[in-house]
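As structure tokens, the structure follows; a few thoughts come after it.
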Amino acid sequence: GAVVSQHPSRVICKSGTSVKIECRSLDFQATTMFWYRQFPKQSLMLMATSNEGSKATYEQGVEKDKFLINHASLTLSTLTVTSAHPEDSSFYICSARELGRLAGLTQYFGPGTRLLVL
Amino acid sequence: LAKTTQPISMDSYEGQEVNITCSHNNIATNDYITWYQQFPSQGPRFIIQGYKTKVTNEVASLFIPADRKSSTLSLPRVSLSDTAVYYCLVAPPTDSWGKLQFGAGTQVVVTP
């Protein structure tokens, strides 16, 4: 089956620094990737939709200048948390929709990245 | 996107069948119903998807009544490893979409 990887799996950083999280589709091409955030004991919250070669679309309430998304190729999307603060500590998950597959049908999720900001 | 409602939690014993019902009263004609499973500190995993009637795979069955306003995920003979959160999602397959809105999910706890 289709595999999506994320790197790093967990990261600890100091407040004020920036952190980059990579999301890769390993055996398929993804025109669209999605970024979610999940706080403990809560559900996944969609942050943004990332389309290859174009600007990301952010959900209401998500700061685009703080969460920079780049989708430079059909297999890679990156999320950069700029000037991270302790409240940004969360579990970040990406998902990818395979090129040619109809949207809304099967999406493949990455294993997630645990971010802890001290 | 249609809103979904699921029980917050369900408890079961090993070997029993677990049925989780999801309500989606505002489901649209072209919406599909998808179920995901999530273990702690992992990304969601696709379980099953359907449009109407019954769908079965090696993991679960999905029952969808004629009015499609609800659906039931059936997990046969659960084991301890089936302890997870299960999410029911409804979304259309058109290319202009693709966004998935996760509800609270159902925490299933399987005990010996």
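Overview of results
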item: Loop sites in the stretch B:35-86: trypsin sites (Lys or Arg not before Pro), DSSP, at most 12 other Cβ within 10 Å; result: B:77
item: Set of aspartates and glutamates with alpha-carbon distance to residue A:14 below 13 Å, sequence-local pairs under 8 removed; result: A:87, A:88
item: Column: log10 I(q)/I(0), Debye, Cα scatterers of the protein assembly as shown, q = 0.07, 0.11, 0.18 Å⁻¹; result: -0.23, -0.56, -1.34
item: Descending principal axes extents, the stretch A:16-118, alpha-carbon based, whole Å; result: 41, 28, 26
item: Average beta-carbon neighbours from other chains, 10 Å sphere, peptide B:37-46; result: 6
item: Pairwise label distance in nanometres, residue A:64 with residue B:109, each label 7 Å out on the Cα-Cβ vector; result: 4.4
item: log10 of Debye I(q)/I(0), alpha-carbon scatterers only, for the stretch A:25-75 at 0.18, 0.20 Å⁻¹; result: -0.61, -0.72
item: Cβ-Cβ FRET estimate between residue B:8 and residue B:77, R0 fixed at 25 Å, reported to 0.05; result: 0.60
item: Centre separation in Å (Cα based) which lies between the stretch A:1-63 and the stretch B:20-73; result: 24
item: Loop chymotrypsin sites (Phe, Trp or Tyr not before Pro), the stretch B:1-94, which have at most 15 other Cβ atoms in a 10 Å radius of their Cβ (DSSP); result: B:51
item: Largest to smallest principal axis extent of the C-alpha atoms in the stretch B:25-112, angstrom; result: 41, 27, 22
item: Trypsin sites (Lys or Arg not before Pro) within the stretch A:1-81, DSSP loop, no more than 15 other Cβ atoms inside 10 Å; result: A:14, A:41, A:55, A:64, A:66
item: Solitary cysteines of chain A, where the nearest other Cys Cβ is not under 4.7 Å; result: A:13
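Values quoted throughout were computed directly from the atomic coordinates according to the rules given, and no laboratory measurement underlies them. Note that the structure is predicted; figures quoted are calculated from it, not measured. Cβ: placed from backbone, ideal geometry, glycine included. Neighbour counts: every protein chain shown.
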